[in-house]
Amino acid sequence: MSATPSPARSAVRREPLLFAEAPRARALPFLPLLEGPTPAGPLPDGVLRGGLFHKRDDKASSLYGGNKVRRYEWVLADALDRGARTIVTAGGYASTQVTATIIHGRAAGLDVEAVLFEQPMTRFGREALAVGAREGGVLEHGGGYLRTAVRAALRLRRAERAYLLVPGASMPLPNLGYVDAMLELALQVERGEIPRPDRILVPAGSGGTAVGIALGVALLDWPTTVTAIRIAEPLVTNGLTLRALLVATARRLETLGLQGARRLRRARIEVDGRFLGDGYGEPTPAALAGMKLVPRLLGVPGEVTYSGKGMAALAAWATARPTENILYWHTLSSTGRDDPAADGPSPGELPPGLRRVFSSELVA
Ligand SMILES: *Cc1c(COP(=O)(O)O)cnc(C)c1O
């Protein structure tokens, strides 16, 4: 795929569907970013099987898409509302959350500083570093998780009017972005674009996406099973952490005067941990095979951490449940900004620690 320039930005929708269901949400700071609704439709049936569907949140924004966009409508609005000037965040070398923060944060007029922890170096990660630096992010080599946390804390103290964005940004308020996404999907089902899915598969790290989807399913009273495909360490992504986030997000919704909030108590998430392998970003044979399914099923590039493991799970579920309608929620941006095959990335303005990482050997 060549480095085509980003298309002109399509119109950003003014407000989420959720505002009609939870009237008090209108009073909260909100920054429209989504160029939605994102497409929903069938996956080509000659690759795995028929009865498989997609929801394309890679197309959430032509600036930078993916599943952080719906969250950042709340997060960046909150940062601006508090008078922040600098967002301090952390993530792995290939973190899409860091890329999304830099691109959408800078577009909103904020400075972005990111401390990066170690993960296996891939072509995708190399491109993410180059994009982060090129788009004006201040990047720092963090090392392991603990040193990264310490360095981020130091930056938070030093930066002027700093706003902390925790890795993953799965807080109750921004998680509403995916409750809203389910209302959007329900309209697409109503219009006959896809059937109501029996199962929704979504890659899960910090869990905000899966939590929002599960709450949306409960709110709609659908019999759909939400399966979170674990892509981060079991300590981060497990039944208990997801449950805690789900309960906190449901409470937040209740405070906003949501109609039918009692239905949220029925929300459930099933965690599928079979595809993680040795950890976040670690390649497995199934993930490498899954990565190759992404262009065949969606026509966009894949990578190991998110879509490779996600597609590995889709292939397994499609076989194990041959009669289910399964929806795969694609969470990875496809703007071409971090297309690993795009113009050779250059290390640009990276600090020495990261320049070394940039030039290290690739695992995938
Ligand atoms: C952040 C991210 C995830 C994980 O989403 P959570 O809501 O943190 O669980 C999955 N896929 C992609 C492409 C992401 O960028």
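The values are calculated or read from the model by the stated rules, or taken from the named source; none is laboratory data. Note that the coordinates shown come from a computational prediction; the quantities given were computed from them, not determined experimentally. When we count neighbours, we look across all protein chains shown, and the Cβ atoms used for this are built from the backbone with ideal geometry, even at glycine. The area values use the complete protein model at the heavy-atom level, side chains included, leaving out ligands, DNA and RNA. Shrake-Rupley method; radii C 1.70, N 1.55, O 1.52, S 1.80 Å.
Restricting to region 298-316, name every residue that is more than 15 Å from the ligand (Cβ to nearest atom) and touching a Phe, Trp or Tyr at 6+ places or on another chain (Cβ under 9 Å). Selection gives Ala316 alone.
Can you go through Thr86, Thr96 and tell me which one is crowded, with 24+ Cβ neighbours inside 10 Å and β-branched (Val, Ile, Thr)?
Working: Thr86 fails: crowded, with 24+ Cβ neighbours inside 10 Å.
Step by step, each of Thr86, Thr96 is checked, and only Thr96 is crowded, with 24+ Cβ neighbours inside 10 Å and β-branched (Val, Ile, Thr).
Just one of the listed residues (Gly212, Gly216, Gly205) is farther than 21 Å from Gly51 by Cα, in contact with a helix residue (DSSP H, G or I) (Cβ under 6 Å, 6 or more places away or on another chain) and either within 12 Å of the ligand (Cβ to nearest atom) or basic (Lys, Arg) (or both), and it is Gly212.
Of everything in region 11-34 that is aliphatic (A, V, I, L, M) and not in a helix (DSSP H, G or I), the residue that is surrounded by the fewest Cβ atoms within 10 Å (Cβ to Cβ) is Ala11. Of the helices (runs of 4 or more DSSP H) lying entirely inside region 113-214, those containing at least 3 residues that are open to solvent by 30 Å² or more (accessible area, probe 1.4 Å) and without any contact (Cβ under 8 Å) to a residue 24 or more places away in the chain span 145-158. In summary, Arg251 fulfils each of the numbered conditions (1) within 23 Å of Ala214 (Cβ to Cβ); (2) surrounded by 15 or more Cβ atoms within 10 Å (Cβ to Cβ); (3) of a type in the set (D, E, K, R) with the single exception of condition (2).
Yes/no per residue for (1) modelled with pLDDT of 95 or more; (2) touching a helix residue (DSSP H, G or I) at 6+ places or on another chain (Cβ under 9 Å); (3) within 16 Å of the ligand (Cβ to nearest atom); (4) among the hydroxyl-bearing types (Ser, Thr, Tyr):
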{"position": "Val47", "(1), (2), (3), (4)": "yes, yes, no, no"}
{"position": "Arg56", "(1), (2), (3), (4)": "yes, yes, yes, no"}
{"position": "Arg71", "(1), (2), (3), (4)": "yes, yes, yes, no"}
{"position": "Trp74", "(1), (2), (3), (4)": "yes, yes, yes, no"}
{"position": "Asp78", "(1), (2), (3), (4)": "yes, yes, no, no"}
{"position": "Thr89", "(1), (2), (3), (4)": "yes, yes, yes, yes"}
{"position": "Tyr93", "(1), (2), (3), (4)": "no, yes, yes, yes"}
